[in-house]
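Written below as structure tokens is the structure these notes are about.
Derivation of every value follows stated rules applied to the coordinates shown; laboratory data play no part. Just so it is clear, the structure is predicted and the values come from calculations on it, not from any experiment. In this analysis, Cβ positions are derived from the backbone assuming ideal geometry, glycine residues included, and neighbour counts consider all displayed protein chains.
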Amino acid sequence: MDLQACTETLRARVGEASGLGATLKFDCGDAGVVFIDGRSIPNTVSNEDRDADCTVGVTLEHLTAMLAGELEPATAFMTGKLRVQGDMSVALKLQRVL
């Protein structure tokens, strides 16, 4: 799955109201970013590289695995496959989206 496919998948899952109540960015390094604005109504998902309440550093491969249900976010965090910067409570709400 490429970055655009991940963006579209997240857009479908977030919908108009994610319950996130914050901004979150998946930073996939050279592959790009996926930005979720859970404050806007309706919620938006884009590839803009903006400041976020929480930034999740993850490879595109691991993001794809999480979206496919092959990797649990908590497991990814515990095994160092993703890094969280900023508001950890926002990262904990990821389970609603993933």
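See the values below:
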quantity	calculated
Backbone HN-Hα couplings from phi across the range 87-98 [Karplus 6.51/-1.76/1.60, Hz, Gly and Pro as x]	6, 5, 5, 5, 4, 5, 7, 4, 4, 5, 8, 8
Extension reserve of the E70-E16 stretch, reckoned as 0.36 nm per residue once the Cα distance is removed	16.9 nm
Computed helical MRE - 222 nm, the chain, DSSP H runs ≥ 4 contributing -39500 (n - 2.57), nearest 500	-9000 deg cm²/dmol
FRET E, pair T79, E8, Förster distance 35 Å, beta-carbon r, rounded to 0.05	0.85
Distance in nm between pseudo-label sites at A31 and M88 (7 Å out along the Cβ direction from Cα)	2.6
Pairwise centroid distance, computed over Cα atoms, of the range 1-21 with the range 37-98, Å	10
Rg/Rh ratio calculated on Cα atoms of the range 3-97 (Kirkwood radius)	0.91
